[in-house]
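Written out below as structure tokens is the structure these notes cover.
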Amino acid sequence: MAFPQSFLDELAARNDILDVVGSYVSLQPKGGSYWGCCPFHNEKTPSFHVLPDRQYYHCFGCKKGGGVINFIMEIENLSYPDAVRFLAKRANIPVPEDRESDGADRLRRRLLDLNRDAARYYYDILQKPEGAAVQAYLDRRQIRRGVATRFGMGAAQDGWDYLLRAMTAKGYTKQELLKAGLIVENKKGGFYDKFRNRLILPVVDVRGDVVGFGSRVIDKSEPKYMNTSETPVYSKRRVLYGLNLAKKTKRPNIILCEGNLDVVTLHQAGFDNAVASMGTALTVEQTRLLSRYTKELVLCYDNDNAGQLATQRALDILKNSEFNVRVLQLPRRLVDGQYIKQDADDFIKFQGPQAFENLLSGSENGIEFRMAQVAGKFDLTKDDDRIAYADEISQVLSTLQNAVEREVYTVRAAETAGLTPEALRSEVERACKRRRYKEKKAQIRRELNPSATLQPERRELRYANLRSALAEEGILRLMMRDDDLLDGISLQPEEFSSPVLGKIYALLSADRAAGRRHSMDALAGELSPEEMSHFVDILQKPESVSGAKQALEDYMRIIREESSRRSGEENIDPLLAAKDKFKFKKGYGGKNP
Ligand code: ZN
């Protein structure tokens, strides 16, 4: 996908990377660049920086990086052409006629229209006699009509192609229905409705578009819950069910619960700040979305093992975030002498909204949740258990960075187990020392084994020949600094050992040959976001400016040595050998002048 260079240049000139990134991240100048907390991973101390003169951003934490277009692709979840359109709109400049990007954009709009019409269709069915079975189910769950309407609930009938026929009659094609995930293709090439005999819960994003659907069976069949799979307009990592309504709440926080119907029940009971992640553990993308609306999250997952695990995972994701996180523990319910698990829906039904309000105001913060979890594992009336508890709780307490916090919770944990604070304090101190020692050892290990840190973090980008690849990285750095250095040098992309570095070299060489300056924004159209991030990460490494000529010679020598060694080893690696033979046939074999 290529836009004209002149257009990309104007796009970059009118969308200064500092302005664009600055509208999402608060940046502080330091040295030649601008620093802020990375919007792509949770952190409290900035490792994200923007280099305005070189027109890219980079994060030392999660290693993401690229030009202004990459930034928009990542933060707005857009494809390259859509990110270009987004920036063109922002700067109010027309996009040159480009059929492919028009196509992608048109498809998105078309699928959103289709989803809206499908939602309306399901909604209408629910109001008619054909929706009686689903309505009866809603009555059983005590979900009121007004609430069902607020969530746009609908009914899918018990049949193979009700929706398919209704939507094709409206002019949508089977391909469009398939792309929206509303129908499924069978082995014989026929199509049938994905959602049948189900309660339908449209998923509406914060802009008000119907992006996908959740559903639940109304009888005992399986699967109980079924959601839209990934489509061009729906990514489960990036939506939260109910956020379109919860974003308007007057409550100070947002409650994160497990299921769509928990969200519905909570809203009905007056907790209009409830949302749910759909079929996924909480993701960084979702926390970013939430951060626009609140600084306080309340985790309210089921009180079974899966729910506790989900809570633990969410706490891990939120550990270094700006959020104030609390955990609301739903008590188990006594039925016929047995304690059974209950979800938010059960709790509200049996104990009422006021009881939930009380739980909400008394909900624990993350560390309290972890402490309660540890305490729950032991019988603290027994000496053995108290010793084991002291050991385990000190591990938990040692993770607290703040000394005052550590002291407060150490005293509390000591009380819980009937220990003296002094005794536990020294245990915690020992655990802290052990932790610091371990971290230091890991650090030393990393320093002693540099080759591990020199490899790209992403597996698919790993180097087969580290020595050559590091020299190849150096060539790319030098090219970005000063293209003229490479005048009169004949290095072919095929001589590179790393396919991705060879690809970048070929792109930069093409710029050179055409007399174009290198543009991050043009590269963004040719490289995947992962490749782009890796490239920007390479540019962070130091490079000698004064000794550039010598460095270039060294890099060339290493690449050639390794390249000829590879062709000498042909018989050892059959795959590599096959590749080399292929190159030779194509006339790329001239590695040994
Ligand atoms: Zn980051």
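A few points about this structure:
- For the chain, the carbon plus sulfur part of the accessible surface works out to 51%, probe radius 1.4 Å.
- Cα centroid of segment 302-350 to Cα centroid of segment 67-126, whole Å: 37 Å
- Positive-end ranking of PRO29, ILE75, SER47 along the dipole of segment 3-81, with charges on Cβ about the Cα centre, is headed by SER47.
- What the phi angles of segment 515-526 give under the Karplus curve with 6.51, -1.76 and 1.60, with θ = phi - 60°, is a coupling list of x, 8, 7, 6, 10, 4, 6, 6, 4, 4, x, 9 Hz, glycine and proline written as x.
- Partners for LYS438 among aspartates and glutamates (Cα-Cα distance below 16 Å; same-chain residues under 8 apart left out): GLU429, GLU447
- Summed over qualifying helices (DSSP H, 4 residues or more, each -39500 (n - 2.57)) and divided by its residue number, the chain shows a 222 nm mean residue ellipticity of -15500 deg cm²/dmol.
- Residues with amide H under 5 Å from that of ASN324, placed H, sequence gap 5 or more: GLU296, LEU297
- In order along segment 226-239, the Karplus-derived 3J(HN,Hα) couplings, from 6.51 cos²θ - 1.76 cosθ + 1.60 at θ = phi - 60°, round to 9, 10, 4, 7, 4, 9, x, 10, 10, 10, 5, 5, 10, 10 Hz, and Gly and Pro are given as x.
- Net charge in the neighbourhood of TRP160 (other residues with Cβ under 12 Å of its Cβ; Lys, Arg +1, Asp, Glu -1) is 0.
- Qualifying trypsin sites (Lys or Arg not before Pro) in segment 473-556, DSSP loop, other Cβ atoms within 10 Å at most 16: ARG516, ARG517
- Only aspartates and glutamates eight or more places from LYS236 in sequence, or on another chain, were considered; those with a Cα closer than 16 Å are GLU74, GLU76, ASP205, ASP209, GLU258, GLU285.
- Along the axis of the charge dipole computed for segment 288-406 (Cβ charges of +1 for Lys and Arg, -1 for Asp and Glu, origin at the Cα centre), the listed residues THR381, VAL327, GLY337 are led at the positive end by VAL327.
- Taking the square roots of five times each eigenvalue of the Cα gyration tensor of the chain, the equivalent ellipsoid has semi-axes of 48, 37, 23 Å, listed largest first.
- Separation of segment 27-62 from segment 510-543 is 18 Å, based on Cα centroids.
- Percent antiparallel among DSSP beta bridges (both partners in the chain, rounded to 5): 75 percent
- Shape call, segment 1-138: gyration tensor on alpha carbons, a/c limit 1.5: oblate
- Set of aspartates and glutamates near LYS377 by C-alpha distance (under 17 Å), chain-local residues within fewer than 8 positions excluded: ASP304, GLU368, ASP385, ASP391, GLU392, GLU415
- Residues with amide H under 5 Å from that of PHE213, placed H, sequence gap 5 or more: VAL203, THR228
- DSSP H segments from the chain that extend 15 Å or more along their own axis, Cα-based, with Kyte-Doolittle mean of 1.6 or above: none
- Packing-based ranking, highest mean first, of 413-419, 183-189, 290-296 given that Cβ atoms within 10 Å are counted: 413-419, 290-296, 183-189
- With both labels modelled 7 Å from their Cα along Cα-to-Cβ, the LYS433 to ASP16 distance reads 5.4 nm.
- Magnitude of the charge dipole for segment 156-203, about its Cα centre and with charges confined to Cβ atoms of Lys, Arg (+1) and Asp, Glu (-1), is about 80 debye.
- This model, with +1 at the C-beta of Lys and Arg and -1 at the C-beta of Asp and Glu, gives the chain a dipole about its Cα centre of some 700 debye.
- FRET E, pair GLN142, GLU296, Förster distance 25 Å, beta-carbon r, rounded to 0.05: 0.30
- Share, in percent, of DSSP beta bridges within segment 234-368 that are antiparallel, nearest 5: 35 percent
- Whole-number accessible area per residue in Å² for the chain, which is evaluated in the context of all protein chains at 1.4 Å: 51 Å²
- Local electrostatic count, THR410, Cβ distance below 14 Å [Lys/Arg +1, Asp/Glu -1]: -4
- R0 of 22 Å, Cβ-Cβ distance ARG251-ARG150: FRET efficiency to nearest 0.05: 0.85
- Pairs from LYS220/LYS341; LYS179/LYS349; LYS64/LYS441; LYS64/LYS247; LYS174/LYS247 whose Cα-Cα separation, in the structure shown, is over 31 Å: LYS179/LYS349; LYS174/LYS247
- Here segment 130-274 carries DSSP beta bridges of which approximately 95% are antiparallel, counting only pairs with both residues inside.
- Rounded Å value of the spacing that divides the Cα centres of segment 175-229 and segment 409-440: 51 Å
- Dipole magnitude of segment 1-87, debye to nearest 20 (Cβ charges: Lys/Arg +1, Asp/Glu -1, about Cα centre): 300 debye
The values are calculated or read from the model by the stated rules, or taken from the named source; none is laboratory data. Keep in mind it's a predicted model, so treat the numbers as computed, not measured. Every residue, glycine among them, receives a Cβ derived from its backbone with ideal geometry; neighbour counts consider all protein chains shown. Each accessible area value is taken on the protein alone, full model and side chains, heavy atoms only, with ligands, DNA and RNA left out. Shrake-Rupley method; radii C 1.70, N 1.55, O 1.52, S 1.80 Å.
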